[in-house]
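Novice: Input: one structure, supplied below.
The values are calculated or read from the model by the stated rules, or taken from the named source; none is laboratory data. Predicted model only: the values in this text are computed from it and were never measured. Glycine also receives a Cβ, built like all others from the backbone with ideal geometry; neighbour counts cover every protein chain displayed. Side chains are part of the model used for accessible areas, which takes the heavy atoms of the whole protein and leaves out ligands, DNA and RNA. Shrake-Rupley method; radii C 1.70, N 1.55, O 1.52, S 1.80 Å.
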Amino acid sequence: FKGLTETNFGVNVTMDRAMLVTVLYRLDGSPDVSEYENRFSDVSSSQYCYNALLWGSHNNISNGYADGTFAPNETLTREQLVTFLHRYANYKGYNTDVSDAQQVSPFARESMCWAIGAGIINGTSSTTLSPKGSAVRSQVAVMFNRFAGGMTF
């Protein structure tokens with residue numbers, strides 16, 4: 001990450017799509033992109049993010065939209081953020097297995113997604129959800145506390 005200026009990081013500035021791809025490109029060491037082609041109709045070589053977008057496109061990190069645009073100045077959504085990060089992790093060969101999340105029973109999938117999203121339940125490790133594991137009293141107490149403290153009645 002670099003600041004918006006020498007003295008302003010922009011902590012509350014909304015991130016756009018080009019900013020994130022530029023950060024990932026820099027994280028990867030800003031590799032040479034001279035052999036890559038521009039696939040986006042709305043990106044020109046004069047833009048600060050040009051090399052990053054060529055790199056991201058070439059490496060299947062930033063694919064853009066079906067109409068051939070990337071919309072570099074469009075606000076980055078949280079779902080786009082995790083998609084770019086997931087693609088970058090795959091590009092780098094990092095383990096992106098979601099562990100045992102597929103083991104959640106069909107009847108519980110919607111509820112489990114809700115509980116995770118609401119911050120009621122977490123995994124038993126950074127890569128394990130343990131959906132079939134037993135719930136011990138301390139875990140249930142923590143979940144009830146989160147549930148009661150976060151719900152509006």
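Novice: Which condition from (1) touching a helix residue (DSSP H, G or I) at 6+ places or on another chain (Cβ under 8 Å); (2) outside any helix (DSSP H, G or I); (3) under 30 Å from G117 (Cβ atoms); (4) among the small types (G, A, S) is the one that S44 breaks?
Specialist: With (1) touching a helix residue (DSSP H, G or I) at 6+ places or on another chain (Cβ under 8 Å); (2) outside any helix (DSSP H, G or I); (3) under 30 Å from G117 (Cβ atoms); (4) among the small types (G, A, S) applied to S44, the lone miss is (3).
Novice: To continue, here is another question. May I ask you to list the residues in the range 67-84 that are without any contact (Cβ under 8 Å) to a residue 60 or more places away in the chain and assigned to a helix (DSSP H, G or I)? Outline the logic, then answer.
Specialist: First, pick out the residues of the range 67-84 that are without any contact (Cβ under 8 Å) to a residue 60 or more places away in the chain: 67-74, 77-79, 82-83.
Passing the criteria: R78, E79, V82, T83.
Novice: Show the residue pairs that are 6+ apart or on different chains and have beta-carbon atoms under 6 Å apart, the first residue being within the range 118-141 and without any contact (Cβ under 8 Å) to a residue 24 or more places away in the chain, the second being in a loop (DSSP other than H, G, I, E, B) and not aromatic (F, W, Y).
Specialist: Final answer for the pair search is T124/S130.
Novice: When S45 is evaluated against the numbered criteria (1) crowded, with 19+ Cβ neighbours inside 10 Å; (2) over 19 Å from K2 (Cβ atoms), which criterion, by number, is the only one it fails?
Specialist: All conditions pass for S45, except number (1).
Novice: Something else now. Which condition number does D28 fail, the rest of (1) loosely packed, with under 12 Cβ neighbours inside 10 Å; (2) more than 30 Å from M143 (Cβ to Cβ); (3) acidic (D, E) being met?
Specialist: The failed condition is (1).
Novice: Of everything in the range 71-89, what is of a type in the set (V, I, T) and open to solvent by less than 60 Å² (accessible area, probe 1.4 Å)? Give them in sequence order. Talk me through it step by step, then tell me what you get.
Specialist: Applying the first criterion (of a type in the set (V, I, T)) to the range 71-89 yields 75, 77, 82-83.
The answer is T77, T83.
Novice: May I pose another question? Out of all the residues in the range 93-114, is one or more assigned to a loop (DSSP other than H, G, I, E, B), out of contact with any helix residue (DSSP H, G or I) (no Cβ under 9 Å at 6 or more places or on another chain) and either at pLDDT 95 or above or under 30 Å from K2 (Cβ atoms) (or both)?
Specialist: Yes, there is a match, as at least one residue in the range 93-114 is assigned to a loop (DSSP other than H, G, I, E, B), out of contact with any helix residue (DSSP H, G or I) (no Cβ under 9 Å at 6 or more places or on another chain) and either at pLDDT 95 or above or under 30 Å from K2 (Cβ atoms) (or both).
Novice: Do we find a residue being of a type in the set (A, V, I, L, M, F, W, C) and either closer than 20 Å to S30 by Cβ or within 16 Å of the chain's Cα centre (by Cα) (or both) anywhere in the range 139-147? Reasoning before the result, please.
Specialist: Here is the first cut: in the range 139-147, the ones of a type in the set (A, V, I, L, M, F, W, C) are 140-144, 147.
Okay, now just the ones that are also either closer than 20 Å to S30 by Cβ or within 16 Å of the chain's Cα centre (by Cα) (or both), so none.
Among the residues of the range 139-147, not one is of a type in the set (A, V, I, L, M, F, W, C) and either closer than 20 Å to S30 by Cβ or within 16 Å of the chain's Cα centre (by Cα) (or both), which makes the answer no.
Novice: Hey, G64 hits all of (1) modelled with pLDDT of 95 or more; (2) under 15 Å from D16 (Cα atoms); (3) outside any helix (DSSP H, G or I) but one; which does it fall short on?
Specialist: (1)
Novice: Moving to a separate point now. Going by the structure shown, is G64 surrounded by 12 or more Cβ atoms within 10 Å (Cβ to Cβ), of a type outside the set (A, V, I, L, M) and on the phi > 0 side of the Ramachandran plot? Walk me through it before giving the result.
Specialist: Numbers: surrounded by 12 or more Cβ atoms within 10 Å (Cβ to Cβ): yes; of a type outside the set (A, V, I, L, M): yes; on the phi > 0 side of the Ramachandran plot: yes.
Criteria met by G64.
Novice: Moving on to the next point. Answer yes if at least one residue in the range 121-135 is in a helix (DSSP H, G or I) and either at pLDDT 90 or above or at negative phi (or both), and no otherwise.
Specialist: Here is the first cut: in the range 121-135, the residues in a helix (DSSP H, G or I) are none.
No, the range 121-135 contains no residue that is in a helix (DSSP H, G or I) and either at pLDDT 90 or above or at negative phi (or both).
Novice: Among (1) open to solvent by 30 Å² or more (accessible area, probe 1.4 Å); (2) over 30 Å from S125 (Cβ atoms); (3) of a type in the set (G, A, S), there is one condition G93 misses while meeting the rest; what is its number?
Specialist: The number of the failed condition is (2).
Novice: Next question, about the same structure. Run V23 past the list (1) of a type outside the set (S, T, Y); (2) in contact (Cβ under 8 Å) with a residue 24 or more places away in the chain; (3) assigned to a helix (DSSP H, G or I) and report the number of the one that doesn't hold.
Specialist: (2)
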